[in-house]
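The values are calculated or read from the model by the stated rules, or taken from the named source; none is laboratory data. Since the structure is predicted, the reported quantities are computational estimates derived from the model, not experimental observations. Note that each Cβ is placed from the backbone with ideal geometry, even for glycine, and that neighbours are counted across all protein chains shown.
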Amino acid sequence: MLVSRRALGLELAADGFSFAVASGAKTPRVEAGLTLPFAPGMLALSRREPNITDQKGFIAAMREAHLRLITRETLVNVSLPDASGRVVLLDLEARFRNREEGLEVIRWKLKKSLPFDMSTVHLDYQTLAEKENGSVSLLVSLIARPVVNQYEELLLQAGLEPKLIDFTSFNLYRLFSPRLDISDDGAFVTFYRGAMTVLIFHAGVLNFYRTKEGLDDVQSLYREVNSSFLVYGDKFPGQAVGEVFCMAAPDDAESFRALVAEASGMEPVLLDLERMVQQSPTLGLDRPALHALAGSLGAALRSL
């Protein structure tokens, strides 16, 4: 009898965390999951300094939650808040001979434009497009080594082995990619754990990214979404958005859809996580509980 492959995902946020065990590939299935709060102040988001303020409490919380999952999986993909690092979309005039050369060129290119000491930053990149003239479009992720090293070291002390680390906005995209990838010129707008993110694609290539944390009122949220579309229109006047997709917690989903419609001038498609994943028959998560696993589920899918 074949045993389906399983993967473990962990999402960390300022207010809490979630674990998810997923299996399958074409239609992922949630095998186990839980969401728990952090003690106030345990995790303080920073792009420069280590984020965990209570290391012993963090390790204990990870161990206890992992035991409650009743899983043998210890290799874990981790989803970190976008505010713990930086994402840059970068166009360069020449391709690289190898990955090492690419990292060197990117560091040189960014060292004057970002408020980081590039020697203390962990950098990774993905090639989004290669053009006929030899230029390349890149998605570059940066996180300070003291930040990512602390996360990795404390998870190891908790008995977990970090495998792949990514920002939450891209793990949310991964969850809905079967639907989003159909649209070449689409925008994906999310409001998740108090953060708004806008991803806009042209010809299937990401060419606009914006995220904003700490939006606790409707006016601020509308202003940020509307500003994102205005900035995109000014920057790429010949690249119209064809479709808009949005996602928010079930209790806020309809009101957020209406807000995005007004802010973007287009009628958005409201994405539903229940249509993208199945649940183990013994799990029985309601819609809010399933939604709370979105970041950890997206992380788990990287290994399926």
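Points worth noting:
- Tally of residues being over 28 Å from Asp216 (Cα atoms) and without any contact (Cβ under 8 Å) to a residue 40 or more places away in the chain across the range 276-288: 3
- Filter pass, Tyr222 being assigned to a strand (DSSP E or B), surrounded by fewer than 20 Cβ atoms within 10 Å (Cβ to Cβ), of a type outside the set (Asp, Glu) and modelled with pLDDT of 95 or more: no
- Candidate set from the range 133-175 (those that are out of contact with any strand residue (DSSP E or B) (no Cβ under 7 Å at 6 or more places or on another chain), in contact (Cβ under 8 Å) with a residue 12 or more places away in the chain and hydrophobic (A, V, I, L, M, F, W, C)); member that is nearest to Leu301 (Cα to Cα): Leu175
- Criterion (in the same structural domain as Ala187 (by TED's automatic domain parsing), buried (at least 21 other Cβ atoms within 10 Å of the Cβ) and not basic (Lys, Arg)) met by exactly one of Phe229, Phe236: Phe229
- Of all residues in the range 144-167 being of a type in the set (A, V, I, L, M, F, W, C) and not in a helix (DSSP H, G or I), the one that is farthest from Asn77 (Cα to Cα): Ala144
- Residue that is modelled with the highest pLDDT, among those in the range 75-93 that are farther than 30 Å from Leu283 by Cβ and in a loop (DSSP other than H, G, I, E, B): Gly85
- Residue within the range 112-120 that is out of contact with any Lys or Arg (no Cβ under 9 Å at 6 or more places or on another chain), hydrophobic (A, V, I, L, M, F, W, C) and surrounded by fewer than 16 Cβ atoms within 10 Å (Cβ to Cβ) present: no
- Single unsatisfied condition, Asp251 versus (1) charged (D, E, K, R); (2) out of contact with any Pro (no Cβ under 9 Å at 6 or more places or on another chain); (3) part of a loop (DSSP other than H, G, I, E, B): (2)
- Qualifying residue in the range 85-104 (condition: under 16 Å from Gly298 (Cβ atoms), surrounded by 14 or more Cβ atoms within 10 Å (Cβ to Cβ) and in contact (Cβ under 8 Å) with a residue 24 or more places away in the chain): yes
- Inter-residue pairs, beta-carbon under 6 Å, first not assigned by TED's automatic domain parsing to the domain that holds Arg223 and in the range 244-268, second part of a helix (DSSP H, G or I) and exposed (fewer than 14 other Cβ atoms within 10 Å of the Cβ), 6+ apart: none
- Positions within the range 94-127 being part of a loop (DSSP other than H, G, I, E, B) and not hydroxyl-bearing (Ser, Thr, Tyr), in sequence order: Ala94, Arg95, Phe96, Arg97, Asn98, Lys111, Lys112, Leu114, Pro115, Phe116, Asp117
- Here Glu274, Glu267 are screened, and the one residue that is on the phi < 0 side of the Ramachandran plot, outside any loop (DSSP other than H, G, I, E, B) and surrounded by fewer than 17 Cβ atoms within 10 Å (Cβ to Cβ) is Glu274.
- Scanning the range 5-47 for residues that are of a type in the set (D, E, K, R) and either surrounded by fewer than 13 Cβ atoms within 10 Å (Cβ to Cβ) or touching a Lys or Arg at 6+ places or on another chain (Cβ under 7 Å) (or both) yields a count of 5.
- Near pairs, Cβ below 8 angstrom, 6+ apart or cross-chain, from the range 60-82 (surrounded by fewer than 19 Cβ atoms within 10 Å (Cβ to Cβ)) to any residue that is basic (Lys, Arg) and outside any loop (DSSP other than H, G, I, E, B): Thr71/Arg6; Leu75/Lys163
Let's see how each residue does on (1) of a type in the set (Ser, Thr, Tyr); (2) modelled with pLDDT under 95; (3) over 18 Å from the mean Cα position of the chain (by Cα):
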{"site": "Glu49", "(1), (2), (3)": "no, no, yes"}
{"site": "Leu67", "(1), (2), (3)": "no, no, yes"}
{"site": "Glu73", "(1), (2), (3)": "no, no, yes"}
{"site": "Glu104", "(1), (2), (3)": "no, yes, yes"}
{"site": "Met118", "(1), (2), (3)": "no, yes, yes"}
{"site": "Val140", "(1), (2), (3)": "no, no, no"}
{"site": "Arg145", "(1), (2), (3)": "no, no, yes"}
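- Selection within the range 172-189: residues that are out of contact with any Gly (no Cβ under 6 Å at 6 or more places or on another chain) and among the charged types (D, E, K, R). The member of this set that is surrounded by the fewest Cβ atoms within 10 Å (Cβ to Cβ) is Asp181.
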